[in-house]
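For reference, the structure is listed below as structure tokens.
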Amino acid sequence: MKLRANLAIGGGLTLLSLFVGVFGPWLAHTHPIMDANLMNAELPPSGEFWFGTDQQGRDIFSRVMYGAQISLTVGIGSQLINTAIGTTLGVTAGYWGGWWDDFVNGLTNLMLAIPSLIFALAIMAILGPGLTSLMIALGLTNWSYTCRISRAQALAIKSQGYVQAARVLGYGDMRIMFTQILPNTLGPIIVIATLGMGGSILAEAALSFLGLGVRPPSPSWGSMLSDARETITTAPWLSLFPGLAIFLTVLGLNLLGDGLRDVLDPQSRSRR
Amino acid sequence: MADSNLLSIEDLAVHFPIGGGMFSKPQMLRAVDGVNLSIKPGESLGLVGESGCGKSTLALSILGLVDPTRGRVMLDGKAVGSEADRLEVARTVQMVFQDPYASLNPRQTVRRTLAAPLRLHGVSNEGEVADRVAEMLRQVGLRPDQADLYPHEFSGGQRQRIGIARALILKPKLVICDEPVSALDVSIRAQIINLLLELQAEMGLSYLMISHDLGVVEHMSDRVAVMYLGRIVETGGWREIFEQPRHPYTRALIAAIPDPLTRGLAREKARGEIPSPLNPPPGCTFNPRCPHATDHCRSAPPVLSPVDEGHLVSCWRAEEFAKEPA
Amino acid sequence: MSINMPLLQVENLHLSLTTDAGSFPAVEGVSFEIARGETVGLVGESGCGKSITALSIMGLLRHPLGLSGGTIKLTGQEIQALPASELRALRGKRIAMIFQEPMTALNPLKPVGRQIAEMFVLHQGASWNEAEKKAVDALTQVKVPAPARRAKDYPHQLSGGMRQRVMIAIALACEPDLLIADEPTTALDVTVQAEIVDLMKELCAARGTAILMISHDLGLVTDICKRVCVMYAGRIVEQQDSEQIFNNPQHPYTQGLVASLPRLGMRALHGRRKLTEIAGVVPGITAYPGGCRFNPRCNRATEICKQVVPELEPLGDGSLVRCHHHG
């Protein structure tokens, strides 16, 4: 029963984040960038400004609503890149083996040995700040787990009778990987991607906090936190609400990932 | 002379390098070492052997999935191997697997399992694909309306029927059955054996029946080959092999069956364990386990030679065992 | 205690499987006896309850399986309710067990000689020095070549047949009264199986050890055992003399099994006949039919078979059959 709770709460929170991400602009009362009004600077939460206002008098609620779009875009975009790289390398390495497997293994170990945030920082330094660079940087640095898992899965699946049968039927390697191996590795890969999305959102916040992510005045949750660091004692709502948004989104994705793991686990499906 | 055989294997050897790193030389695993076999259209050949005898490697080389180190495999007059047309080989020879659970993709419906090979092999008319899938399911004793179910919705016996349908959907001429019933419940085996025999008659199939169960082999085969450590040690008609076995290993296999019915057929069992194919004993490879081994057997390898019409034995003392009861 | 008292008496044994969906009868009303030195077989297909019957005798049932009724007596003493510590003392010393896959039953990190020696230290209070010597003797008795050297080997260095010999040495180390063998040769090659079976027969006969042999292979069980109990879907459906089971089976299930086997030699005797099929599939534990559990697959089934569970009925010659229309 606990498993179902994970799935329900995680799914609910994730749906909420997605909803805000898509409809944020309509939910916001004011424009997050244009509606600066220094007269309203650093007002605490009130009936008019639900989450209070920031140093420049912008409505924090509206900025959090807009920010969801950026955080989720980065999360989803970078995970798509991660999953594409990880499964391609992992499945081919596991299926073909040999020198290619050794090479991919070496590369994976190298990626795991370098702290991914530092690596992403380096890539950002080359590509320059911005949403697209952020997605690429995070997408290029977090595929090692996906790769490891899909390689292990491919190794296990390629010795199964149905893969042998496909070879006997004349299927080529590519067709076998796409129709026989990939569909059977998807369960764990979806779980990793969901969990990874939370990681990416945190990494986006960290990079934006360091000034390398989304450029101000775009309202990313991370950059909002970054802007709020000087006022954390005097006006804590500036950091509280973007922080809470990150927390709930990441928590939701992690619970969803755990819940999906239990649902997609082949062990829990009946064999007979 | 035109070859009337559907399959002919000539002096086939498949060796694999095992182990070996940067500083050590790999050892040679002689999985198959000089095998001659043939199967005529419509005929079933039983292949008997224990673990490490090379029967799986032999099957892989017939399917063109392993290249011979020496010799060749001729299928329907054409050589099989990495040079051959993979699709053409697939349309000629197919395989039924041992484990009905691991041999079906859990994420594909039966329809997909059966239709995908048809499309791959150029059947593009969707109506024809659907008809052939339905017809195939009927032939293996399943209902066409079961096509949209997933493998886990079937019992073990039904899954093996699906495995047989997949092997036959391309209408091959030769089917390799690798222990087709040994993973099934005892009370289900007869259904599958009967089905395989019916389909053979209906479709004019040839079978290579790989099994360690001599009862199954006797029931299903016209001719039998006994394999030990990469070589054929005895081959002949099912009657010769099971009623007048000449090779001590064949006799040991029969003697090992715990059934009151076979007690009179052979008594002498083999001693000890099967040696590693990485390090086979010199001379006759069966000599360390043979109750009749002489010094000659320990130094010189015997060759497969005829003792009777169509009955070949690889044993130095085969002549002596002719009259003697096993 | 009477001299004629059976070594093992299993009476009306009920084992249940508990799942989220409720409790299911995995074994129902199983009763049998084994005399000292007697060999008895439990034959059946996967899921018929033969292995868990053996585990319950060893006191090794774990959740979700549990004992829900009946008694298990070893020389008259009820053992199913014994505290864990006393059961442990029984296991190995009076009842020993060997399994299908010796690799998983042996400790991969200890030399096999040490694992045999443990039995002498644990159950006979021998010193390690003495026990290691006895272990080499034990390996000699199970006909392991070069036993002193093999004693130092780890399980992965031995072949499957050698490992099963080691398992037998461990099982028989303390001269138990009863050896339970659960599919002991299923993972082995046929020629190796024959040797292991001969070894088991020889050693147990010499020591007067009783055997409870569990297998799906009717031929193998009749080869080793004097008496056979055939199980189907959690119940014993027939108990017969081994000599009789192939020639004169009484229960329709046993008859079907015997007729469905392609036995070597049949083709030479009778030509190639179509094998007799048993219709349908083995029912799952959650979907056992009412009445006689074989009724949906039985060609003799009538209305009564669907309603009333047949009793295990004696046939006069010592055999028992659970069928309304036996013979």
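The values are calculated or read from the model by the stated rules, or taken from the named source; none is laboratory data. All values derive from a computational prediction rather than experimental measurement. Virtual Cβ from ideal backbone geometry, glycine too; neighbours counted across all protein chains shown.
A compact table of results
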| item | result |
| --- | --- |
| Breaking point among (1) touching an Asp or Glu at 6+ places or on another chain (Cβ under 8 Å); (2) loosely packed, with under 14 Cβ neighbours inside 10 Å, for C:G113 | (2) |
| The one condition in (1) surrounded by 19 or more Cβ atoms within 10 Å (Cβ to Cβ); (2) without any contact (Cβ under 8 Å) to a residue 12 or more places away in the chain; (3) closer than 17 Å to B:G42 by Cα that B:A190 fails to fulfil | (3) |
| Positions within the range C:51-74 being surrounded by 15 or more Cβ atoms within 10 Å (Cβ to Cβ) and over 19 Å from the mean Cα position of the chain (by Cα), in sequence order | C:S68, C:G69 |
| Residue tally, condition in a helix (DSSP H, G or I) and either at the interface with chain B (Cβ under 9 Å from one of its Cβ atoms) or within 28 Å of B:R86 (Cα to Cα) (or both), over the range A:153-206 | 28 |
| So C:L15, is it under 25 Å from C:H216 (Cα atoms), outside any loop (DSSP other than H, G, I, E, B), touching a strand residue (DSSP E or B) at 6+ places or on another chain (Cβ under 7 Å) and aliphatic (A, V, I, L, M) | yes |
| Per-region count, the range A:36-80, residues within 15 Å of A:W237 (Cβ to Cβ), part of a helix (DSSP H, G or I) and among the aromatic types (F, W, Y) | 1 |
| In the range C:205-248, the residues that are buried (at least 23 other Cβ atoms within 10 Å of the Cβ), over 22 Å from C:G318 (Cβ atoms) and more than 14 Å from chain B (Cβ to nearest Cβ) | C:G234 |
| Residue in the range C:119-131 that is within 23 Å of C:K226 (Cβ to Cβ), at pLDDT below 95 and within 24 Å of the chain's Cα centre (by Cα) present | no |
| Residue list for the range B:310-326, restricted to those being in contact with a helix residue (DSSP H, G or I) (Cβ under 9 Å, 6 or more places away or on another chain) and either polar (S, T, N, Q) or loosely packed, with under 12 Cβ neighbours inside 10 Å (or both) | B:G310 |
| Residues of the range C:119-155 classified as part of a helix (DSSP H, G or I) and either touching a Cys at 6+ places or on another chain (Cβ under 8 Å) or in contact (Cβ under 8 Å) with a residue 40 or more places away in the chain (or both), total | 6 |
| Residue check for B:R159: touching a residue at least 24 places away in the same chain (Cβ under 8 Å) and over 19 Å from A:G161 (Cα atoms) | no |
| Residues satisfying the stated conditions in the range B:183-212, i.e. within 13 Å of the chain's Cα centre (by Cα), more than 8 Å from every other protein chain (Cβ to nearest Cβ) and not aliphatic (A, V, I, L, M) | B:S206, B:Y207, B:S211 |
| Matching residues, the range A:207-216, being assigned to a helix (DSSP H, G or I) and touching a Leu at 6+ places or on another chain (Cβ under 6 Å) | A:F209 |
| Residues being β-branched (V, I, T) and more than 17 Å from B:S38 (Cα to Cα) - total across the range B:50-87 | 2 |
| Selection count where residues are in a helix (DSSP H, G or I) and farther than 19 Å from C:F294 by Cβ, scope the range C:247-264 | 1 |
| Qualifying position, being of a type in the set (D, E, K, R), closer than 27 Å to C:L8 by Cβ and out of contact with any strand residue (DSSP E or B) (no Cβ under 7 Å at 6 or more places or on another chain), among C:E195, C:E118, C:E183 | C:E118 |
| Filtered residues of the range C:313-323 (kept if assigned to a loop (DSSP other than H, G, I, E, B) and surrounded by fewer than 18 Cβ atoms within 10 Å (Cβ to Cβ)) | C:L315, C:G316, C:D317, C:G318 |
| Failed condition for B:A225, given (1) at the interface with chain C (Cβ under 7 Å from one of its Cβ atoms); (2) crowded, with 23+ Cβ neighbours inside 10 Å; (3) touching a Gly at 6+ places or on another chain (Cβ under 9 Å) | (1) |
| Test: residue in the range C:88-98 that is surrounded by fewer than 17 Cβ atoms within 10 Å (Cβ to Cβ), touching a residue at least 40 places away in the same chain (Cβ under 8 Å) and in a loop (DSSP other than H, G, I, E, B) | no |
| Residue within the range A:221-229 that is in a helix (DSSP H, G or I), more than 23 Å from the chain's Cα centre (by Cα) and within 30 Å of A:I70 (Cα to Cα) present | yes |
| Unique residue being buried (at least 18 other Cβ atoms within 10 Å of the Cβ) and farther than 23 Å from A:G21 by Cβ when the list is A:T185, A:T194, A:T231, A:T249 | A:T185 |
| Residue match in the range B:85-96 (condition: more than 16 Å from A:T179 (Cα to Cα), in contact (Cβ under 8 Å) with a residue 40 or more places away in the chain, in a loop (DSSP other than H, G, I, E, B) and within 12 Å of chain A (Cβ to nearest Cβ)) | no |
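Listed here are the residues, each with its yes/no results for (1) at pLDDT below 95; (2) closer than 30 Å to C:S159 by Cβ.
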| residue | (1), (2) |
| --- | --- |
| B:E43 | no, no |
| B:E50 | yes, yes |
| B:L58 | no, yes |
| B:I62 | no, yes |
| B:R86 | yes, no |
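For (1) modelled with pLDDT of 90 or more; (2) touching a His at 6+ places or on another chain (Cβ under 7 Å); (3) more than 12 Å from chain B (Cβ to nearest Cβ), each residue gets a yes or a no:
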site: C:Y253; (1), (2), (3): yes, no, no
site: C:L275; (1), (2), (3): yes, no, no
site: C:I285; (1), (2), (3): no, no, yes
site: C:G291; (1), (2), (3): yes, no, yes
site: C:E303; (1), (2), (3): yes, no, yes
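Rundown of residues vs (1) among the acidic types (D, E); (2) away from chain B (no Cβ under 14 Å), yes/no style:
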{"position": "C:E11", "(1), (2)": "yes, yes"}
{"position": "C:H14", "(1), (2)": "no, yes"}
{"position": "C:G44", "(1), (2)": "no, no"}
{"position": "C:G66", "(1), (2)": "no, yes"}
